[in-house]
1. Keeping to region 42-67, report how many residues are open to solvent by 20 Å² or more (accessible area, probe 1.4 Å) and not hydroxyl-bearing (Ser, Thr, Tyr).
2. Looking at PRO85, PRO95, PRO90, PRO71, can you tell me which residue is under 18 Å from ARG39 (Cα atoms), open to solvent by 70 Å² or more (accessible area, probe 1.4 Å) and modelled with pLDDT of 85 or more?
3. Within region 19-72, count every residue that is acidic (Asp, Glu) and closer than 21 Å to PRO95 by Cβ.
Amino acid sequence: MSEPMREPMRELPPALREAALVVLRDVRLWRLPPDRWERLAGLLDTVAGALRAGDADRFDQATVDLGLAGPVRITRIGDTRRGSPRESVPAPAPPPVRERLNHLIHTLSGGPGGTPDEDGRPRDDGPRGGQRAGGRP
């Protein structure tokens, strides 16, 4: 007899989901250099994988790591060093990162589909399958 399919989101404590939502919503407002967005995309993959697996410890650590990856708020007095132009130009999240953030926020908020698929995106098995928020296909 096979084991019933688990719903990982239900196995994560609500406090962990709420903490992750706070961090993910903050990340949408960040401005980072492109190389930092690339690193952050990897952290989002880790968050999605832990959510998919229902691994509360890994999910919690990935959320903490994500929060620590944010913009540097302190600059040394007198620091005139500049990195490469790519490193020095903070920008909003690139579209693929924004999309991943929005999918994770939607999934953790209990949107349609509830648990993410293999890509960390929410499955939409509901009657409006295939539609985006606002009813747009």
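1. Here is the first cut: in region 42-67, the residues open to solvent by 20 Å² or more (accessible area, probe 1.4 Å) are 42-43, 45-46, 52-53, 55-58, 60-61, 64-65, 67.
Of the ones still in play, those that are also not hydroxyl-bearing (Ser, Thr, Tyr) are 42-43, 45, 52-53, 55-58, 60-61, 64-65, 67.
Of the residues in region 42-67, 14 are open to solvent by 20 Å² or more (accessible area, probe 1.4 Å) and not hydroxyl-bearing (Ser, Thr, Tyr).
2. Values: PRO85 fails: modelled with pLDDT of 85 or more; PRO90 fails: open to solvent by 70 Å² or more (accessible area, probe 1.4 Å); PRO71 fails: open to solvent by 70 Å² or more (accessible area, probe 1.4 Å).
Only one candidate qualifies: PRO95.
3. Narrowing region 19-72 to residues acidic (Asp, Glu): 26, 35, 38, 45, 55, 57, 60, 65.
From what is left, the residues that are closer than 21 Å to PRO95 by Cβ are 26, 35, 38, 45.
Result for region 19-72: 4.
The values are calculated or read from the model by the stated rules, or taken from the named source; none is laboratory data. Remember, predicted model here, so these are calculated numbers, not experimental data. Reconstructed Cβ throughout: ideal geometry from the backbone, glycine too, with neighbour counts over all protein chains shown. Note: accessible area is taken over every heavy atom of the protein model, side chains too, but ligands, DNA and RNA are not part of it. Shrake-Rupley method; radii C 1.70, N 1.55, O 1.52, S 1.80 Å.
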